[in-house]
Amino acid sequence: MEKVKEISGENIDKCMQCGTCSGGCPMIDVLQITPRGIMHLSALGQEQKIAKANTIWMCASCNTCAVRCPRGIDIPKVMEAMRQIFLRKNVNYIEPNQIPDEVLEDMPQIVMVSCFRKHTA
Ligand code: SF4
Ligand code: SF4
């Protein structure tokens with residue numbers, strides 16, 4: 001939690017678990033843990049539960065939750081800090097050579113570059 005605070009510059013202690021972030025998240029249907037849940041788990045220091053869920057990797061960094069949060073917490077920054085912490089363990093969360101050809105053919109290049117930046121150590 002201290003590392004997340006240090007990297008993100010956000011005070012996650014301010015979260016009051018209102019769930020507004022989850023309520024407006026456009027990715028909510030595919031997230032295994034809601035943004036509110038991620039804030040709760042990070043406050044509890046439950047790193048492994050966060051690591052096992054897809055939430056921080058599926059977050060689109062759209063900022064909807066950040067502009068809606070009544071406590072002014074920049075949740076995408078918190079998610080980014082968590083990704084950095086996990087990627088520093090030198091684990092790739094996507095292997096470029098394992099992406100199927102049909103996906104490579106259809107995927108816009110900018111999406112691929114963004115994906116590699118976000119998911120590889
Ligand atoms: S909207 Fe803000 S205060 Fe409410 S649960 Fe999400 S992070 Fe916490
Ligand atoms: S930044 Fe991530 S968690 Fe926040 S609303 Fe967008 S997709 Fe959801």
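The values are calculated or read from the model by the stated rules, or taken from the named source; none is laboratory data. Only a predicted model underlies this, so the values are computations on that prediction, with no experimental measurement involved. No Cβ is skipped: glycine too gets one built from the backbone with ideal geometry, and neighbour counts run over all protein chains shown. The area values use the complete protein model at the heavy-atom level, side chains included, leaving out ligands, DNA and RNA. Shrake-Rupley method; radii C 1.70, N 1.55, O 1.52, S 1.80 Å.
General observations
- Directionally averaged projected area (convex hull, Cα atoms, the stretch 45-89), nm²: 3.4
- Most mobile of 33, 99, 50 in a GNM of the chain (Cα contacts under 10 Å): 99
- Here the gap between residue 91 and residue 47, fully extended at 0.36 nm per residue and compared with their Cα-Cα distance, gives a gain of 14.3 nm.
- Per-residue packing, averaged as other Cβ atoms within 10 Å, sorts the ranges 35-45, 79-89, 4-14 into the order 35-45, 79-89, 4-14, beginning with the highest.
- Lys/Arg +1, Asp/Glu -1 at C-beta; the chain dipole; positive extreme among 57, 1, 84: 1
- Per-bin percent of Cα-Cα distances, the chain [5 Å]: 2, 11, 21, 23, 20, 11, 7, 4, 1
- Surface share of carbon and sulfur [accessible, 1.4 angstrom probe, percent] for the chain: 51
- Magnitude of the charge dipole, the chain, Cβ model with Lys/Arg +1 and Asp/Glu -1, debye to 20: 580
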